[in-house]
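Chemist: One structure, as structure tokens, below. Some questions next.
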Amino acid sequence: MSTPRRFGRLYHDVPHWVEAGSLYHLRIRVAREQKVPLTDPALARTLLETAEFYHARGRWWLGLLVLMSDHLHALAAFPAHEHMSKVIGQWKRWAARHSGVHWQEGYFDHRLRDDERGEQLTSKAHYILNNPVVLGLCASPEEWPWKIHRR
């Protein structure tokens, strides 16, 4: 068991009692110096393709991912043999090297507990899907092109 880092950083070591396959709401932000929005068509396609690649290879199970200009939201689960921080870190490093994305350090995660998987899961998915609508970028979630959504 590793020791949590506490100096200005969030740590993401999953406690031993959290079962593999737990579902997480993730938010990953770009750094302020990022010039190209994540919704730039070429960049968005690349990010969605690599997210699908990680899904297909079993690095994560991605139920929902929505790209916004300066951040993304996702609902994801990770198998027992993969560590969430390692998978997300590798994905972010790949995007930084190959697509020039400047990410903020770390990310936000919230594990959905068993009692949150019904109504709360629906609520979180609705919140994520409606992000572009609330910002006036599209009229409905179905119109937003920069997403992965498995029902």
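Chemist: Tell me, please, whether a residue that is closer than 14 Å to Tyr24 by Cβ, part of a strand (DSSP E or B), modelled with pLDDT of 95 or more and not hydrophobic (A, V, I, L, M, F, W, C) can be found in the stretch 99-111.
Modeler: The answer is no, given that none of the residues of the stretch 99-111 is closer than 14 Å to Tyr24 by Cβ, part of a strand (DSSP E or B), modelled with pLDDT of 95 or more and not hydrophobic (A, V, I, L, M, F, W, C).
Chemist: Of the residues in the stretch 92-135, how many are without any contact (Cβ under 8 Å) to a residue 60 or more places away in the chain and not basic (Lys, Arg)?
Modeler: 18
Chemist: What number of residues in the stretch 117-151 are assigned to a helix (DSSP H, G or I), over 18 Å from Arg27 (Cα atoms) and either at pLDDT below 95 or in contact with a Gly (Cβ under 6 Å, 6 or more places away or on another chain) (or both)?
Modeler: Here the count works out to 1.
Chemist: Which number in (1) over 18 Å from Arg27 (Cβ atoms); (2) in contact with a Leu (Cβ under 7 Å, 6 or more places away or on another chain); (3) aliphatic (A, V, I, L, M) marks the one condition that Val66 misses?
Modeler: (1) is the only condition that Val66 fails.
Chemist: Quick check on this structure: which one of Val66, Val133, Val101, Val87 is surrounded by fewer than 16 Cβ atoms within 10 Å (Cβ to Cβ), on the phi < 0 side of the Ramachandran plot and either among the β-branched types (Val, Ile, Thr) or touching a Ser or Thr at 6+ places or on another chain (Cβ under 9 Å) (or both)?
Modeler: When all the criteria are applied, what remains is Val133.
The values are calculated or read from the model by the stated rules, or taken from the named source; none is laboratory data. None of the values given here were measured: they were computed from a predicted structure. Using ideal geometry, Cβ is built from the backbone for each residue, glycine included, and neighbour counts are taken over all protein chains shown.
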